[in-house]
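Please treat every number below as a calculation from the coordinates, not as lab data. Just so it is clear, the model here is predicted, and its values are computed rather than measured. Positions of Cβ are backbone-derived with ideal geometry, glycine not excepted, and every protein chain shown enters the neighbour counts.
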Amino acid sequence: MNIAVENLSYIYAPETPFEKVALKDINFTIESGEFVGLIGHSGSGKSTLVQHLNGLVKPTSGTIRIGDRVITGKNADTKGLCFTVGLVFQYPEQQLFAETIYQDIAFGPSNMGLSQTEIDLRVKTAMELVGLSPELAGKSPFSVSGGQKRRVAIAGVLAMEPKVLILDEPTAGLDPKGRDEILNSIRKIHKQMDMTVILVSHSMEDVAKYCDKLLVLNEGEVILTGTLAEVFHHADRLSEIGLSVPQVTLAVHKLREKGVDIPENIFTVSDAVSAILQLRG
């Protein structure tokens, strides 16, 4: 499902001493099925922006279209929007509440008026997608590991079968193994369900590995947007706002400066390894 944001602005606590412009004249489009990375330093407006996309926050001005549906304006109907645009918050395991993993994942579908048979199927499918064993369904969500808690929370959103999946720093606080497992699951979900995915992250390595397109926020404004190559081409601009290109990309640039004939647009370790092996013949 495609997303179009036009002239979006949001002001916290307007006309008070605490007034703050959080988003300023935001414009972008995301095509159906794209895997988009939303990056920026802390306080740049990433979380505020994605909360607009499923109606949790109403803009001060501007228009948001999700597919053919306009979700902004005085008469906008956002009822049931969370079933279309699924949002996984940062540290989502803090929102787990049910006695069993099954009940937690089934909560969303249960509020959609589905039959018990359909709910059962959706819970089973969602658990498979995130790599949770069926044997865990009857266990407490608080008795499993941190990574598994994160998977339960993601499964709870997937069980509603949204057309758009937004993940706000889904790997925050996880060890490297847990981070890779979660992100690999998300990539599998994106491919299998042909879903539009927005990944909010501060890790250049992660967005380089999984995303097709990037949006860069700084102080509430979109300052760069485009493919990985288009955005990472502006390494100096990224550095100015406290970001960087992937470390492997910096290493490739150093090799090129020393005369090594290696392609410029390399953003992942696996791509760098392949390029170096080709050089060796």
Cut-off 15 Å between beta-carbons: net charge of the residues surrounding ALA208, Lys and Arg +1, Asp and Glu -1: -3
³J(HN,Hα) computed for each position of the stretch 6-12 - Karplus, 6.51 cos²θ - 1.76 cosθ + 1.60, integer Hz, glycine/proline x: 10, 6, 7, 9, 9, 10, 6
Surrounding net charge for MET193, when Lys and Arg each add one and Asp and Glu each subtract one, Cβ distance under 13 Å: +2
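Could you compute the net charge surrounding LEU8? Neighbours are other residues with a C-beta less than 14 Å from the C-beta of LEU8; K and R count +1, D and E count -1. The partial results should precede the final answer.
Details: positive: LYS24, LYS46, LYS58, ARG65; negative: GLU6, ASP25, GLU221.
Here the charged neighbours net out to +1.
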Order by protection proxy (mean Cβ within 10 Å, highest first), peptides 110-119, 188-197, 151-160: 151-160, 188-197, 110-119
